[in-house]
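One structure is given below, encoded as structure tokens.
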Amino acid sequence: MLDDKTSRTARLRAALLWISPVIVIVAAIVAYSASTSKDSKSPNSSAGQMQTISMPLEGMVCVSCAARVKRTLKGMDGVQDVEVNLERREALVRFSPDKVTPDRMESAINALGYKAGKSRAVESQ
């Protein structure tokens, strides 16, 4: 009788060791998805105030150049997304105008040794 009770207790402990991390992970995922959905639905969210510009670039000759430009722009506060097209020699930048300006982004590109042309607004899709 004692062995049966000890065996059940051991199985219960083993099951709890497997279930506990799963519960923590599921709770974290639920909390993250809830906070993400609140942010995207919030009327004060800066997502509605985002702008997209196309910025012509000169001096990029390789993929490494394009990656450097992308990394620099993406690292700026207020820049949400960057796509650099080496073939067309341009960058599409989605950003918050409350935090960063096109002139500041152009200056950052020029400081890298490339030449950023005057950016133009791109209509949202």
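Find, among the GluC sites (Glu not before Pro) in region 84-125, those assigned to loop by DSSP (not H, G, I, E, B) with at most 16 other beta-carbon atoms within 10 angstrom.
For GluC sites (Glu not before Pro) across region 84-125 that sit outside H, G, I, E and B with at most 16 neighbouring Cβ atoms in 10 Å, the list reads GLU87, GLU123.
For VAL61 and ILE25 in the same chain, what is the full-extension length gain: residue separation times 0.36 nm, less their Cα-Cα distance, in nm?
Stretched out fully, the VAL61 to ILE25 stretch lengthens by 8.5 nm.
For region 46-122, what class follows from the C-alpha gyration tensor (a ≥ b ≥ c being the square roots of its eigenvalues): rounded when a/c is under 1.5, otherwise prolate if a/b is larger than b/c, else oblate?
Taking the square roots of the gyration eigenvalues as a ≥ b ≥ c, region 46-122 is prolate.
Under 17 Å Cα-Cα from LYS74, which aspartates and glutamates qualify once same-chain neighbours fewer than 8 residues away are excluded?
List returned: GLU83, GLU90, ASP98, ASP103, GLU106.
If I model a spin label at ARG13 and ARG88 as a point 7 Å from the Cα along the Cα→Cβ vector, what separation in nanometres do I get?
Simple spin-label model gives 6.3 nm for this pair.
Only the coordinates and a few stated rules stand behind these numbers; no lab work does. If you're wondering where the values come from, they're calculated on a predicted model, not measured in any experiment. Neighbour counts are summed over all protein chains in view; Cβ atoms, including those assigned to glycine, are modelled from backbone coordinates with ideal geometry.
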